[in-house]
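S.K.: This structure is in C-alpha cells; I'll ask about it shortly.
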Amino acid sequence: MPKYTMYAPALPNVPWQDKPAGHINSPLWRYSENPIIDRNPLPGVARIFNSAVMPYEGKFVGVFRGEQTNGVPYIYLGWSQDAVHWDFEPNKIPFVDEDGKPFMPIYAYDPRLVKVEDTYYIIWCQDFYGAAIGIAKTQDFKHFVRIENPFLPFNRNAVLFPRKINGNFVLMSRPSDSGHTPFGDIFISESPDMVYWGKHRHVMSRGNTWWEGLKIGGGAAPIETSEGWLLFYHGVTQTCNGYVYSIGGAILDIDNPSIVKYRCQNYLLTPEVWFEERGFVPNVTFPCATLHDPETGKIAVYYGASDSYVGLAFGNFDEIIDYIKDNSKVTETDTEIGRR
Ligand code: BMA
C-alpha cells in the first residue's frame, strides 16, 4: 500500500522495470532499453525528443516533437500498445481553427498533452512574432482545433494542470526571450474558459541550487497527490561548455499552486549516459510527461535526451515524495503567493 495518495485514474499497464541493484543518488532509474525512440524514426523526420504521452482507450497516444530533415520542428501523433514501442502517423498533426480552416503553426516544438475534464489539450512552443505558446484541443485525436494563443511572446514551457483549481484552468509557463534564454522562472496563470488569462502568479525562481542556477521550466503535467501537486520540471546550469539540463522535483500547494511546499535541492536525474550526453545538443534531459498508477505507485517519466532521443525513467511514488521532502530547500520566492 502506498504511504501517500495519488489522485489519478488507475493505470495497471504503466511501463515498468524494477530498480536495479546498487542504484544510488536518485529516486529515478533508467529503462534498460533506452532510448525508446531512435534517430530517423519516420520519413522526413530526423529526430524525435521532448514528447508527451497519455493513456487512451486501453492503449497509449502521444504528441511527439519531430525535427524534420529540413531542421524545422513539428508535432506528430503516435500510438502504442505498451507505451514503449511507438508507431507514428506520417504527417504533421493537421490543426484547424475554430471555423475548421487549416491553421498550422510555422513551427512547433516541446508539446505537452493534458486531459482536463473530457478534452485533451496539446500545448507547445511556436512562432507568434517570436517564441510563444500554442494550444489545440481534441476529443478524438482525429480533429485538432487550435485555440487562441494564451499569452504574448515571449514565453515557453507551458504545462496545463490536469484539473481546474478553484473553478479555473491553470497554466504554468516560463516567460523567456526568442533565443536560448539565459534566464527564467516558472509562473502560473488562470482562465475560466481557456481564452482569457489572468491572476498571474510567480511559482518558483531559478537559482535555488547550482544544477538549476540559470533557468527552470515546467516539465510533465503535475500529478495530484495527498501532499500537493507533484511537479517534474527541468533546471539548467551554465558551464564553460554550454547548458546542462537536469530533471528536478517539487511539490506545490494543492489549492494555491503558486506556493511551493517542498523543492528538492538535488536533481532527480541528470545527463549521465551516452544518449543524454551525446546528440544534437549534448547534456539535455528534458521531462515532458509521466504515466503513473495510483494503486501500485509506479511512475514512468518520459524525457527528451540531447535533443535527439526519448528516454524513459522509473520511480516509486512514495520514494520520490520522500526524497523531495527529505532534501527540500525552499526560499522566500518559492513559498510566497507570488503576487508583487
Ligand atoms: C530549450 C528548448 C528545448 C531544448 C533545449 C536544449 O531552449 O528549445 O526544446 O531541448 O533548449 O536544446
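S.K.: Which members of segment 72-112 meet the condition of being of a type in the set (Lys, Arg) and under 22 Å from Asn34 (Cβ atoms)?
M.R.: Residue satisfying the conditions is Arg112 alone.
S.K.: I'm checking my understanding of the structure. Among residues of segment 57-66 that are buried (at least 22 other Cβ atoms within 10 Å of the Cβ) and either at pLDDT below 95 or not basic (Lys, Arg) (or both), which one is farthest from the ligand (Cβ to nearest atom)?
M.R.: Once the filter is applied, the top-ranked residue is Phe60.
S.K.: Now a separate question. Please enumerate the residues belonging to segment 84-96 that are surrounded by 13 or more Cβ atoms within 10 Å (Cβ to Cβ) and closer than 18 Å to Ile122 by Cα.
M.R.: Phe88, Glu89, Lys92, Ile93, Pro94, Phe95, Val96
S.K.: Touching a residue at least 40 places away in the same chain (Cβ under 8 Å) and among the hydroxyl-bearing types (Ser, Thr, Tyr): does that describe Ser205?
M.R.: yes
S.K.: Can you confirm whether segment 235-247 contains a residue that is of a type outside the set (A, V, I, L, M, F, W, C), away from the ligand (no atom under 15 Å from the Cβ) and either out of contact with any Ser or Thr (no Cβ under 9 Å at 6 or more places or on another chain) or part of a loop (DSSP other than H, G, I, E, B) (or both)?
M.R.: Among the residues of segment 235-247, not one is of a type outside the set (A, V, I, L, M, F, W, C), away from the ligand (no atom under 15 Å from the Cβ) and either out of contact with any Ser or Thr (no Cβ under 9 Å at 6 or more places or on another chain) or part of a loop (DSSP other than H, G, I, E, B) (or both), which makes the answer no.
S.K.: Can I ask one more? Can you find, within segment 42-56, the residue that is nearest to Gly71 (Cα to Cα) among those that are away from the ligand (no atom under 16 Å from the Cβ) and more than 21 Å from the chain's Cα centre (by Cα)?
M.R.: Here the answer is Gly44.
S.K.: Just the residues that are under 21 Å from Ser205 (Cβ atoms) and surrounded by fewer than 19 Cβ atoms within 10 Å (Cβ to Cβ), please, taken from segment 228-253.
M.R.: Gln238, Thr239, Tyr243, Asp253, listed by residue number.
S.K.: Looking at this structure, is Lys115 surrounded by fewer than 22 Cβ atoms within 10 Å (Cβ to Cβ), away from the ligand (no atom under 14 Å from the Cβ) and outside any loop (DSSP other than H, G, I, E, B)?
M.R.: yes
S.K.: Kindly provide the set of residues from segment 170-196 that are more than 13 Å from Ile135 (Cα to Cα), among the hydrophobic types (A, V, I, L, M, F, W, C) and more than 16 Å from the ligand (Cβ to nearest atom), ordered by number.
M.R.: Val170, Phe187, Ile188
The values are calculated or read from the model by the stated rules, or taken from the named source; none is laboratory data. All figures in this text were calculated on a predicted structure; none of them were measured in a lab. Reconstructed Cβ throughout: ideal geometry from the backbone, glycine too, with neighbour counts over all protein chains shown.
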